[in-house]
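This report concerns only the one structure given below.
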Amino acid sequence: KVAFQFFECRPHPSAPATLVAYPDITCTGDDRTKIMWAGATAIILYPIAVLAVMVFLVWIAPKEFSKSNDFRLATAFLLTRWQPTMWYFGVVVMFRNALIAFIGVLYPADGIPQLAWTATILGFYTAGQSAKRPWRNGPLNMFDSSLCMGVAILCAFLLSTTNPRGDAESRYERFYPFVTLFFTMAGCTMLFVVVYCTLFFLGKVDNNSTSAKKTTTVLMNAVRQIDEILMAGLMKNKQVDDRIQKFLTTGEQLELVHLMSVALREVFQIAAITRSSSKRLFLNSAGGSQRASGKQIQELRRQLTASQRMAQVPKEEEIPATVEF
């Protein structure tokens, strides 16, 4: 916003246009011409250069995140606040802020298009943010959507109050109930945020670490049950295949494949079974850190199954010589 101030000119009915931030400097005068290089340099170094660097870091993150601990530490501010599959969303937020700041350059003295474009940009952002839910911390998705949508609704409402017809008193009487309602809702939202943060710091709200521990326990119990069923031979592979195709949709199967690929690569450090899981940040590299190949795991599984079956066979002296009917 500061970098764009050199290009925000406000027109006047009977005088030359002046800068919005510096009313004593005319847009066509020598004083502005002398500092134009400073404004152009500021735009190149800050909005353009910073955005370009952030886009480059996000572009190389899937390859470098698992290789370099220094890269992870240097880009923690940009990547770690988002879901691993939405690591690039920080650039989306920066583009949103840049677009809102650029509105003042296009319409420096016209409030109606400023409100309209702000509401439009925030509306599209809120729709995408609500659909993707990029924040790693779940409640932040709700807070972000609520605040952005609240500002978009306020801009849309203010557009209706800019009607030049009628005096200020009549417009005040007409829109006073709506303004009161909006600011009451905004105040309740901020009060909810304050109360939630207070309860969170006091330990009264279930945080992510506690939820993660509970989820991990349930997941490990489910994995053990599946392993016991398969190892005991209670279900054949054909039965499992048939039931998966019958009860899981194609989308659910693809999501399960993706999650299993992530688990194999991150937890067991085995190469992913599908390339779709590459659209994610990994801590472990795909190759070089593998502890065991797929063939080795299958051989270990075969040996384990054989040993369990041998353990279930009674010893020779325990087998009765005769069988009575």
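For the reader, a short list of remarks on this structure follows.
- Net charge contributed by nearby residues that have their C-beta within less than 11 Å of Thr26 (K/R +1, D/E -1): -1
- Working from label points 7 Å from Cα in the Cα-to-Cβ sense, the Ala74 to Thr216 distance is 3.0 nm.
- Here Thr161 sits with roughly 30 square angstrom of accessible surface, probe radius 1.4 Å.
- Residues whose amide H falls under 5 Å from that of Arg136, counting only those 5 or more places apart or on a different chain, are Trp82, Gln83, with hydrogens built in the peptide plane.
- Backbone amide hydrogens, once placed in the peptide plane, bring Ile25 within less than 5 Å of Leu19, excluding anything fewer than 5 places away on its chain.
- Evaluated over the stretch 44-119, the Cα radius of gyration and Dmax, each in Å: 15.8, 50
- Using the 1.4 Å probe convention, the accessible area of the stretch 12-72 works out to 67 Å² per residue with neighbouring protein chains retained.
The values are calculated or read from the model by the stated rules, or taken from the named source; none is laboratory data. Owing to the predicted nature of the structure, the values given are computational and were not obtained by experimental measurement. Cβ sites come from the backbone with ideal geometry, for glycine too, and all protein chains shown count toward neighbours. We work out accessible area using only protein heavy atoms, side chains counted, and drop any ligands, DNA or RNA first. Shrake-Rupley method; radii C 1.70, N 1.55, O 1.52, S 1.80 Å.
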